[in-house]
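Single-structure report; data block below.
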Protein chains: 2
Amino acid sequence: MENIGKKLPEQVADSIINYIHAHELQIGDRLPNEYELAKELAVGRSTIREAVRSLASRNVLEVKQGAGTFISKKKGIADDPLGFGLVKDTFKLTKDLFEIRYILEPRVAALAAANATEEEIQAIDHVRIAIEEAMDTDTERQLNLDVEFHSLIAKASNNVAMHHLIPVINESMFLYSDSYTNQRVKEETILLHREIVAAIKKHDSDAAFDAMTVHMAYNRMNLNHFEQAKTKQSHL
Amino acid sequence: MENIGKKLPEQVADSIINYIHAHELQIGDRLPNEYELAKELAVGRSTIREAVRSLASRNVLEVKQGAGTFISKKKGIADDPLGFGLVKDTFKLTKDLFEIRYILEPRVAALAAANATEEEIQAIDHVRIAIEEAMDTDTERQLNLDVEFHSLIAKASNNVAMHHLIPVINESMFLYSDSYTNQRVKEETILLHREIVAAIKKHDSDAAFDAMTVHMAYNRMNLNHFEQAKTKQSHL
């Protein structure tokens, strides 16, 4: 957060972030209006406006017309933050993202087992049940809930960097529908999600690590089967 | 890349990305001008202008006044893409990022040993030597080179997701200068960087994994020493 070489609106954007920290504003909280902020930070309203616009484009703030400016639930994480939309070979990208998940998620689950609060465990279990309910009726809802399931475990790990990163990795994966319509895969997912949650509930880090490892390995195995089937087809 | 619910300039932004892929434009290549793009994509010039502005704000394109629009070297990775600037406790954030590096980087080094081309190995070794030269004279240059060292290894891993992620993780770490001025730490860094590069040169994945693990463990140990010293001081 060096100020050297930064233009005034960027400096003011940093000041607004400091204001958010100092006042411990949370997601959904309302920022003071332009007039109050200009007074508080001793700069002109047009500078405030430009800084707010820049923070909105960075998903730190959300401007709701007529209602005011709020702390965005996107936690300052950009849309497609890591530029994966630019990668041409989406199948390779998905495999490469899987490699990252395979390495990170078991450790995340182990940390969640060590650190999760009762409230966090309830939230994770709640989403687990919702996934089971959506599985045969609403694939899109199921997939969104699946990202939420892994994001909540990352939150419960109490590693703030994992909490920011895991949702981005999960949302960036292109989905190969075969892996989600196959009945055996569905059943396996239900069982492994249950194992993961049970281990976190018991605060058993080793069991959480193992259950997540099996979950990741099983999913990647399916992706590879999908690839082999595709290659075979193209040779017919 | 769903178009449903997207506004026209967003759709055109997607079309420009498709154009970049189809023409295999690389970093630094020049995009056709507004007029040509409007004709190619069959939309108005003002729509092109808005789409280009949005892609520039996403660091996909770089607009150089008077010279034209180019493919940005930032690979579409946003500034502070994961919103770490919003995290208040920067010491905890740095420790949490270290946890991620500790898990990922040994695997990245092993993949680099398996996949690096001769050209990539030369580039890594070049930066290693530059780090040794900068170490006693220019700390800031040393730190930037260190990010580049690890980014080049990630590139050589041939995992595109790691290549996008590792620089972001490394750049987001707040540096605690003690760890970089201590003479023993410097010597250890030089030796371990040499070990890592030697293992990659020999395409020895296990040796690369081990050398990177020692490098990460050593750095984290130092960060913990720094924290303990700080805590001790605050109790005096």
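The values are calculated or read from the model by the stated rules, or taken from the named source; none is laboratory data. Bear in mind that the values here come from a model prediction, so they are computed numbers and not experimental data. Using ideal geometry, Cβ is built from the backbone for each residue, glycine included, and neighbour counts are taken over all protein chains shown. Just so you know, the surface numbers come from the protein's heavy atoms only, side chains and all, with ligands and any DNA or RNA stripped out. Shrake-Rupley method; radii C 1.70, N 1.55, O 1.52, S 1.80 Å.
Only one entry in A:Asp79, A:Asp29 is at pLDDT below 90 and outside the structural domain of A:Val168 (by the TED database), namely A:Asp79. Applying the condition of being over 11 Å from the mean Cα position of the chain (by Cα) and among the aliphatic types (A, V, I, L, M) to the range B:164-177 and asking which residue is nearest to the other protein chains (Cβ to nearest Cβ) yields B:Met173.
Against the conditions (1) at the interface with another protein chain (Cβ under 10 Å from one of its Cβ atoms); (2) closer than 27 Å to A:Phe149 by Cα; (3) modelled with pLDDT under 95, A:Asn18 satisfies every one except (2).
Regarding B:Glu36, is this residue of a type in the set (D, E, K, R), within 14 Å of another protein chain (Cβ to nearest Cβ), surrounded by fewer than 20 Cβ atoms within 10 Å (Cβ to Cβ) and farther than 28 Å from B:Ala161 by Cα? When the stated conditions are applied, B:Glu36 does not pass them. Of the set (1) open to solvent by 20 Å² or more (accessible area, probe 1.4 Å); (2) over 8 Å from the mean Cα position of the chain (by Cα); (3) at pLDDT 90 or above, all apply to B:Ala161 but (1).
Say whether the condition of being at pLDDT 95 or above, closer than 13 Å to B:Met216 by Cβ and either part of a helix (DSSP H, G or I) or touching a helix residue (DSSP H, G or I) at 6+ places or on another chain (Cβ under 6 Å) (or both) is met by at least one residue in the range B:167-174. Within the range B:167-174, none of the residues are at pLDDT 95 or above, closer than 13 Å to B:Met216 by Cβ and either part of a helix (DSSP H, G or I) or touching a helix residue (DSSP H, G or I) at 6+ places or on another chain (Cβ under 6 Å) (or both). Within the range B:128-149, the set of residues being in contact (Cβ under 8 Å) with a residue 12 or more places away in the chain and under 18 Å from B:Asp80 (Cα atoms) comprises B:Leu143, B:Val147, B:Glu148.
Only residues that are in a helix (DSSP H, G or I) and either open to solvent by 60 Å² or more (accessible area, probe 1.4 Å) or free of Cβ contacts under 8 Å to residues at least 60 places away in the same chain (or both) were counted across the range B:186-214, and they come to 15. Restricted to the range B:45-69, and to residues that are surrounded by 13 or more Cβ atoms within 10 Å (Cβ to Cβ) and more than 14 Å from chain A (Cβ to nearest Cβ), which residue is farthest from B:Glu171 (Cα to Cα)? By that ranking, first place goes to B:Arg45. For the range A:1-33, a residue qualifies if it is touching a strand residue (DSSP E or B) at 6+ places or on another chain (Cβ under 9 Å), open to solvent by 50 Å² or more (accessible area, probe 1.4 Å) and not acidic (Asp, Glu), and the qualifying residues are A:Gln26, A:Ile27, A:Arg30, A:Asn33. Restricted to the range B:108-126, and to residues that are over 16 Å from the mean Cα position of the chain (by Cα) and in contact (Cβ under 8 Å) with a residue 40 or more places away in the chain, which residue is nearest to the other protein chains (Cβ to nearest Cβ)? Per the criteria, the residue is B:Leu111. If you filter the range B:77-96 down to residues that are touching a Phe, Trp or Tyr at 6+ places or on another chain (Cβ under 8 Å) and buried (at least 17 other Cβ atoms within 10 Å of the Cβ), you find that the one that is farthest from the other protein chains (Cβ to nearest Cβ) is B:Thr94. Just one of the numbered conditions (1) within 22 Å of A:Ile190 (Cα to Cα); (2) among the aliphatic types (A, V, I, L, M); (3) touching an Asp or Glu at 6+ places or on another chain (Cβ under 8 Å) is not true of A:Ile71: (1). Among the residues of the range B:32-49, not a single one is within 26 Å of the chain's Cα centre (by Cα) and without any contact (Cβ under 8 Å) to a residue 60 or more places away in the chain.
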